[in-house]
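Here's the structure we're looking at; comments come further down.
Each value in this text was obtained by applying a stated rule to the coordinates, not by laboratory testing. From a predicted model like this one, the values you see are computed outputs, not experimental measurements. As a convention, Cβ positions derive from the backbone with ideal geometry for all residues, glycine included, and neighbour counts pool all protein chains shown.
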Amino acid sequence: MTSPTDRPSPRLRWLLAPLVLLTLTGCFDLLQEIWILPDGSGRVVLDVGLPKTFLDLARTQGKDPLEGLRADARAAEAELKKDADVTKFEFREYEENGQQHIVYDLTVKDATRLGELQKRAMELSSTAKQAKQGKGKADLTFQIESRGFGEYVFVQRFGEPKNAPGSTDGASNPSEQAAKDFGMQMARALMGNHFYVVRVHGQTVSETNGTLNEKKDTVEWKYSLVDLLDEAGKGGELRAVVQAAPPLWLWPVVLGVPLLVLVLAVMAARRQRTRRAA
């Protein structure tokens, strides 16, 4: 049995947490972009940016992290090809601003299955399996629900809702809270410039709790990685109502204008014939 003196104190756990996180994952940037297309199909692109210095350090230990990621991508591609709804799965790499980017690109026929199929691909990743054993991870899974007539609802949640059964309210005593705060300050200093960004694209975004662009066809959420690790940041929800095709009320306009032009052209041609005959 472990003696009390052998157990790490809450203060020590909070101080070591940022260093453990950096050792396991390194600092990285994560961009997740989702398109809900007019024909009802969907696409998700997951772009992970890893500092080349981190990769070089890992290689000095005799391991190349990219080899594992490539193997995961091949396994995911083989699995997803079995699903008739998958039209494309692509893994690619590029370098930019001192970072090595790895990109997963998935397109499906039915946008409502996009989150399910991305989750299936991630479950094949050894990196994702290791992350599940830890706490405070960012949840990349999402859901897309169809309301009909080209309208969809996108929802993505992080962690457990606040005050939910089984959820924690943070540190249980002042000393643990102080250690937690100090640990988060360390993490913010080390990872404060690294972000998780989610973007959802459609023809129109009618409702959302994110930031809309000027055209109102793209919504964005941007989180510091530290905020995702913080207990206070858990229970958040990303939500958007996306119109992938023209609204129902717009169809008469879309179809009516060309029809009106055609009718006017026919009437003008008949008038010219009548004048010539006269």
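Highest first, please rank the peptides 83-90, 147-154, 100-107 by the mean number of other Cβ atoms sitting within 10 Å of their residues.
In descending order of packing, they fall as 100-107, 147-154, 83-90.
Measure up LYS88/LYS215; LYS82/LYS119; LYS52/LYS82; LYS63/LYS109; LYS52/LYS222; LYS119/LYS222 against 26 Å on the Cα-Cα distance and list the ones that go over.
LYS88/LYS215; LYS52/LYS82; LYS63/LYS109
What FRET efficiency comes out for the pair TYR94/GLU145, r = Cβ-Cβ distance, R0 = 51 Å, nearest 0.05?
After rounding to 0.05, the efficiency reads 0.95.
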